[in-house]
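The values are calculated or read from the model by the stated rules, or taken from the named source; none is laboratory data. Predicted, not measured: the structure shown is a model, and the values here were computed from it. When we count neighbours, we look across all protein chains shown, and the Cβ atoms used for this are built from the backbone with ideal geometry, even at glycine. Each accessible area value is taken on the protein alone, full model and side chains, heavy atoms only, with ligands, DNA and RNA left out. Shrake-Rupley method; radii C 1.70, N 1.55, O 1.52, S 1.80 Å.
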Amino acid sequence: MSRETGDRYRCDSCKAELVYVKGCPCPATMPHSETCCGKQMTKVAE
């Protein structure tokens, strides 16, 4: 799944957040991974 401008991800352990300020140009078929504290981050609902 690609990443769009404004997509947000939060670490459940330390609560750090990652925000995409520019969309990812990779195709939806390419795997993506946002990790923090050794775990996959959770997408924050809009």
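Please give me, ordered by residue number, the trypsin sites (Lys or Arg not before Pro) of region 12-46 that lie in loop per DSSP and have at most 15 other Cβ atoms within 10 Å. The partial results should precede the final answer.
Values: sites: Lys15, Lys22, Lys39, Lys43; in loops: Lys15, Lys22.
Sparse-neighbourhood loop trypsin sites (Lys or Arg not before Pro): Lys15, Lys22.
Could you work out the relative contact order of the chain, using alpha carbon pairs under 8 angstrom and six or more residues apart, expressed as a whole percent?
Numbers: 74 pairs, mean separation 21.7, N = 46.
Relative CO of the chain lands at 47 percent.
Annotation for Val44 and Ala28: the two label points, set 7 Å from Cα along the Cα-Cβ direction, are 2.5 nm apart.
The apolar share of the surface of the chain, taken as the fraction of accessible area on carbon and sulfur atoms (1.4 Å probe, ligands and nucleic acids excluded), comes to 58 percent. The residues of the chain expose on average 74 square angstrom of accessible surface per residue, using a 1.4 Å probe on protein heavy atoms. Counting charges near Glu46 (Lys, Arg +1; Asp, Glu -1) among other residues having Cβ under 11 Å from its Cβ returns a value of 0. Electrostatic tally near Cys37: other residues with Cβ closer than 14 Å to its Cβ, Lys and Arg +1, Asp and Glu -1, net 0.
If you compute Rg and Dmax of the Cα atoms in Å for the structure shown, which of (1) 20.4, 69; (2) 9.1, 26; (3) 10.7, 30 do you land on? Read-out taken from this structure: (3).
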